[in-house]
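S.K.: Before we start, here is the structure in question, set down as structure tokens.
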Amino acid sequence: SQLFTKNSCLPESTTLPFIPSINGYQVDKTSDKTLYYTNIIGNKDAGSFLVRFKFDGTQSVIFSWISDNANSLNNDNLIRLYYDSSLGFVLQSIRSGSVYNLTSHNAEITSDEMIEVSGWWDSDGVFDDKSGKIIYSRMLVDGLISSGNESEINSKLPLYNMRYLFIGSHGYKSTTVFSKLGLKGSIDCLSVSPRSVSDETLKSLFTKKE
């Protein structure tokens, strides 16, 4: 898993084409292909993410972090970032096949304009000094912080820790990699962490649009 730094994007090893971006190059995800990593260890109880990308604003899964059970991919338990035009960006947990929305952030999408989405979840909750409440998950879009989720999430989180990371779709693997709800756009950066990271840290990593 990756620590959050300005250069913490996952190293790429892919046949997908690269296109120029403000930080160097992006991976072109206009096709149905998916980036797939087999050993990105995650903590089901707490974690963080940051992704910077462009897309067409249609229903998509930006990434899916799937659980490992006895060294096998478990499609019924995972964490994913999902976009729907009515809900906006939603951090979702799938536990034993049931889908739960941990937190969401509605944002206006402009096709082909860079957007940065980050967030975290923590089964123990984090005390928010500003509201005086315990927050269990929260999301930021272009540095703007959502109100967050004040409801317990422990019973909604995956049964097993994550290991298999699909970028650009809700992927799953049998003998080959398949794509579902594929992102149509380009991915500039994705970072994940097996611990919850503060709102201030995530906000400090926001790259202003140029």
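The values are calculated or read from the model by the stated rules, or taken from the named source; none is laboratory data. The structure presented is a predicted model; accordingly, all values stated were derived computationally and were not measured. In this analysis, Cβ positions are derived from the backbone assuming ideal geometry, glycine residues included, and neighbour counts consider all displayed protein chains. Calculation scope for accessible area: heavy atoms of the full protein, side chains included, ligands and nucleic acids excluded. Shrake-Rupley method; radii C 1.70, N 1.55, O 1.52, S 1.80 Å.
S.K.: Filter region 105-131 down to residues that are charged (D, E, K, R) and touching a Phe, Trp or Tyr at 6+ places or on another chain (Cβ under 9 Å), then give me how many there are. Break it down into steps so the answer makes sense when it comes.
M.R.: Kept after step one, since they are charged (D, E, K, R), are these residues of region 105-131: 108, 112-113, 116, 122, 124, 128-130.
Checking which are touching a Phe, Trp or Tyr at 6+ places or on another chain (Cβ under 9 Å) leaves us with 112, 116, 122, 124.
Of the residues in region 105-131, 4 are charged (D, E, K, R) and touching a Phe, Trp or Tyr at 6+ places or on another chain (Cβ under 9 Å).
S.K.: Quick one: how many residues across region 76-106 are open to solvent by 30 Å² or more (accessible area, probe 1.4 Å) and in contact with a helix residue (DSSP H, G or I) (Cβ under 7 Å, 6 or more places away or on another chain)?
M.R.: Total meeting the criteria: 2.
S.K.: OK, next. Could you check region 166-198 and list, in sequence order, the residues that are modelled with pLDDT of 80 or more and more than 15 Å from the chain's Cα centre (by Cα)?
M.R.: Scanning region 166-198 gives LYS184, GLY185, SER198.
S.K.: In region 115-173, what residues are in a strand (DSSP E or B), of a type in the set (Lys, Arg) and either open to solvent by 40 Å² or more (accessible area, probe 1.4 Å) or under 22 Å from GLY97 (Cβ atoms) (or both)? Give the steps one after another, and end with the answer.
M.R.: Taking region 115-173 as the starting set, the residues that turn out to be in a strand (DSSP E or B) are 115-128, 133-141, 144-145, 149, 162-167, 172-173.
Imposing the further condition that a residue be of a type in the set (Lys, Arg) reduces the set to 133, 138, 163, 173.
Once the filter is applied, which keeps residues that are in a strand (DSSP E or B), of a type in the set (Lys, Arg) and either open to solvent by 40 Å² or more (accessible area, probe 1.4 Å) or under 22 Å from GLY97 (Cβ atoms) (or both), region 115-173 yields LYS133, ARG163, LYS173.
S.K.: Next question. Restricting to region 38-68, what's the tally of residues that are in a loop (DSSP other than H, G, I, E, B) and of a type in the set (Gly, Ala, Ser)? Before you say what the answer is, go through the steps one by one.
M.R.: Within region 38-68, the subset in a loop (DSSP other than H, G, I, E, B) is 38-45, 56-59.
Pick out the ones that are also of a type in the set (Gly, Ala, Ser) and you get 42, 57.
Counting residues in region 38-68 that are in a loop (DSSP other than H, G, I, E, B) and of a type in the set (Gly, Ala, Ser) gives 2.
S.K.: Further question on the same structure: Can you tell me how many residues within region 128-147 are free of Cβ contacts under 8 Å to residues at least 12 places away in the same chain and either touching a strand residue (DSSP E or B) at 6+ places or on another chain (Cβ under 6 Å) or acidic (Asp, Glu) (or both)?
M.R.: 1
S.K.: Now, a different point. For residues that are open to solvent by 20 Å² or more (accessible area, probe 1.4 Å) and within 29 Å of ASP112 (Cβ to Cβ), tally how many sit in region 58-72. Don't jump to the end; show me each part of the working.
M.R.: Within region 58-72, the first condition is being open to solvent by 20 Å² or more (accessible area, probe 1.4 Å), and the residues that meet it are 58-59, 68-72.
Going one step further and asking which of them are within 29 Å of ASP112 (Cβ to Cβ), we end up with 58-59.
Going through region 58-72 one residue at a time, the tally reaches 2.
S.K.: Hey, among GLY88, GLY119, which residue is within 30 Å of ARG163 (Cβ to Cβ), in contact with a Lys or Arg (Cβ under 8 Å, 6 or more places away or on another chain) and not aromatic (Phe, Trp, Tyr)?
M.R.: Numbers: GLY88 fails: in contact with a Lys or Arg (Cβ under 8 Å, 6 or more places away or on another chain).
Going through GLY88, GLY119 in turn, just one is within 30 Å of ARG163 (Cβ to Cβ), in contact with a Lys or Arg (Cβ under 8 Å, 6 or more places away or on another chain) and not aromatic (Phe, Trp, Tyr): GLY119.
S.K.: Consider LEU159 against the criteria (1) over 18 Å from the mean Cα position of the chain (by Cα); (2) within 18 Å of PHE49 (Cβ to Cβ): it satisfies all of them except one. Which criterion is unmet?
M.R.: (2)
S.K.: Return yes or no: is ILE109 of a type in the set (Val, Ile, Thr), within 19 Å of the chain's Cα centre (by Cα) and at pLDDT 95 or above? Working first, answer last.
M.R.: Details: of a type in the set (Val, Ile, Thr): yes; within 19 Å of the chain's Cα centre (by Cα): yes; at pLDDT 95 or above: no.
No.
S.K.: Here's something else I'd like to know. Could you run through region 69-91 and say how many residues are assigned to a strand (DSSP E or B) and more than 21 Å from GLY143 (Cβ to Cβ)?
M.R.: Result for region 69-91: 9.
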